[in-house]
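Reading through the structure tokens given below for one structure.
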Amino acid sequence: MSKEMLEAFRVLEEEKHIDKNDIIDAVTESLKSAYKRRYGQSDSCEVEFNEKTGDFQVYSVREVVEEVFDSRLEISLADALKISSAYELGDKIRFEESVKEFGRVAAQSAKQTIMEKMRRQMREITYNEYKEHEGEIMTGTVERFDQRFIYVNLGSIEAQLSHQDQIPGETFKSHDRIEVYVYKVENNPRGVNVFVSRSHPQFIKRIMEQEIPEVFDGTVEIMSVSREAGDRTKVAVRSHNPNVDAIGTIVGRGGANIKKVVSKFHPVRLDPKSGLAVPVEENIDVIQWEEDPAEFIYNAIAPAEVDYVIFDDENSKHATVVVPDNKLSLAIGRRGQNVRLAAHLTGYRIDIKSATEYETMEAQAEEAYEADDLAEESSSEILESAEGLEEVQEADQIDAEAQEQAEVEEAQDLDEAIESQEIEAEAPVEEAESADQD
């Protein structure tokens, strides 16, 4: 039995990548749990594993006491002395328990614990394995379909390819070998989910790295990619070697490189009229990347010509692109595709204006500016008039106050004059009365 145990440990460790110590811990905890279930407590339980024999041994530990209250935890001094005369109060004595009494329950519990650990470990291993491939292209086999996904077998897991991650018009059959771009790997309690795509812009970039040596070794760098899968893609590139033309390298002599790239992801669809399988065309525009945002946007609007690029002072990521009148529809593209791809490629919000439309906008803005100036001048004149009127009113008020003050002073002078005359008139009368008395 012990040899079988050691062999099981070896198999689990080598094939299932379950650490032996984790298995020993699981069995130990299961034996303690079974002991507790049988005896009501596990405080006195100790479990040991013999590395040589592969056996688990269970012991109950009892303390030497004067009077026993719990026979599972304690032993009397008298009984202890029967075992050995060296025992004293407070000593701990270990007694081996029979595993058979609760071994079956422990084995079942240990099995469940080990299986859970194994599932967790395998999930972690799978997650780490595919997390390393996140952002890369992998080759898989189409396994099955449902309403939401095509399931692609990548080796040890089925990846999920949603409808929006497929190139429009492409169809697959079971057992088809296809290349997919791994863009997200999730680890959750229910398992590992790997999400893959064939419509992702980075799918194009990775294929170019595979097919074009100068891209793989870094001589030519792909700076950004914008894509509407199955229809059109824009790729911005630059060269780190002044002697190497970035665009020419990507396209290749006679378009050889770009054809190799296109052949890796161009699907076929069934033409309902002819009943034949026809390729789904997707054009790739290769754009020269420039550090100057205006030049980069100028290049990204190609094949349309650009008169000038104007940036918004309030929004650094907003630009207005002015094109000749006869190039407006080309700059915008079918259903706005060209400007939309250019915006994604450059990272700017782009508004396309024809030269005439922009001139009209400028004229309207100038008129509005002049109207604002006129309104401001009128406001200034009105303000000045109001200030002048206020000054006049203040002057009139001052004059009125001065006149009123003058009138008051004049009245005071008149009162003083009258009082003076009255005094003078009273003086002769007093003198006459005084003469009569004499």
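Filter region 133-146 for residues that are in contact with a His (Cβ under 9 Å, 6 or more places away or on another chain) and farther than 13 Å from Glu179 by Cα and give the result. Steps first, answer last, please.
Step one: filter region 133-146 for residues in contact with a His (Cβ under 9 Å, 6 or more places away or on another chain), giving 141-143.
Matches in region 133-146: Glu143 only.
Exactly one condition in (1) modelled with pLDDT of 80 or more; (2) open to solvent by 70 Å² or more (accessible area, probe 1.4 Å) is false for Cys45; which is it?
Here Cys45 meets the rest and fails (2).
Considering only region 259-285, how many residues are of a type outside the set (Asp, Glu) and at pLDDT 90 or above? Can you show your working first?
We begin by selecting, within region 259-285, every residue of a type outside the set (Asp, Glu); these are 259-270, 272-280, 283-284.
Right, trim to at pLDDT 90 or above and you get 284.
Residues flagged as of a type outside the set (Asp, Glu) and at pLDDT 90 or above within region 259-285 amount to 1.
For the list (1) of a type outside the set (Lys, Arg); (2) open to solvent by 60 Å² or more (accessible area, probe 1.4 Å); (3) part of a strand (DSSP E or B), I need the number of the one condition that Glu362 fails.
Single failed check for Glu362: (3).
If the requirement is being more than 16 Å from Lys264 (Cα to Cα) and not hydrophobic (A, V, I, L, M, F, W, C), which of these qualifies: Gly230, Gly140, Gly169, Gly135?
On inspection, the qualifying residue turns out to be Gly135.
Exactly one of (1) in contact (Cβ under 8 Å) with a residue 40 or more places away in the chain; (2) out of contact with any strand residue (DSSP E or B) (no Cβ under 8 Å at 6 or more places or on another chain) is unmet by Lys52. Its number?
Unmet condition: (1).
Can you pull out every residue in region 204-220 that is over 21 Å from Gly140 (Cβ atoms) and in contact (Cβ under 8 Å) with a residue 24 or more places away in the chain? Can you show your working first?
Of all residues in region 204-220, those over 21 Å from Gly140 (Cβ atoms) come to 212-220.
Correct list: Ile212, Glu214, Val215, Thr219, Val220.
Can you say whether Glu13 is modelled with pLDDT under 80 and of a type in the set (Asp, Glu), as far as the supplied structure shows?
Working: modelled with pLDDT under 80: yes; of a type in the set (Asp, Glu): yes.
Yes; evaluated as a whole, the condition is true for this residue.
Just for region 159-203: of the residues that are free of Cβ contacts under 8 Å to residues at least 60 places away in the same chain and small (Gly, Ala, Ser), which one is farthest from Arg119 (Cα to Cα)?
Across region 159-203, the extreme among qualifying residues is Ser199.
Mind telling me which of the residues Arg227, Arg232, Arg238, Arg190 ends up being surrounded by fewer than 18 Cβ atoms within 10 Å (Cβ to Cβ) and within 22 Å of Arg340 (Cα to Cα)?
Values: Arg227 fails: surrounded by fewer than 18 Cβ atoms within 10 Å (Cβ to Cβ); Arg232 fails: surrounded by fewer than 18 Cβ atoms within 10 Å (Cβ to Cβ); Arg190 fails: within 22 Å of Arg340 (Cα to Cα).
Testing whether each residue is surrounded by fewer than 18 Cβ atoms within 10 Å (Cβ to Cβ) and within 22 Å of Arg340 (Cα to Cα) leaves just Arg238.
Give me the helices (runs of 4 or more DSSP H) completely within region 234-348, filtered to those with at least 3 residues that are out of contact with any Cys (no Cβ under 9 Å at 6 or more places or on another chain) and under 21 Å from Tyr358 (Cβ atoms), ordered by residue number.
Fully inside region 234-348 and qualifying: 293-300, 328-332, 337-346.
Restricted to region 114-159, and to residues that are of a type in the set (Ser, Thr, Tyr) and outside any strand (DSSP E or B), which residue is farthest from the chain's Cα centre (by Cα)?
Within region 114-159, the match that is farthest from the chain's Cα centre (by Cα) is Ser156.
Please find, within region 103-160, the residue that is surrounded by the fewest Cβ atoms within 10 Å (Cβ to Cβ) out of those that are in contact with a Gly (Cβ under 7 Å, 6 or more places away or on another chain) and either over 30 Å from Lys32 (Cα atoms) or not basic (Lys, Arg) (or both).
Out of the qualifying residues, it is Asn153.
The values are calculated or read from the model by the stated rules, or taken from the named source; none is laboratory data. Fair warning: this is a prediction, and the values are worked out from it, not measured in the lab. Methodologically, a virtual Cβ is constructed for each residue, glycine included, from the backbone with ideal geometry; neighbour enumeration extends over all protein chains shown. Protein only, heavy atoms only, side chains kept; ligands, DNA and RNA dropped before computing areas. Shrake-Rupley method; radii C 1.70, N 1.55, O 1.52, S 1.80 Å.
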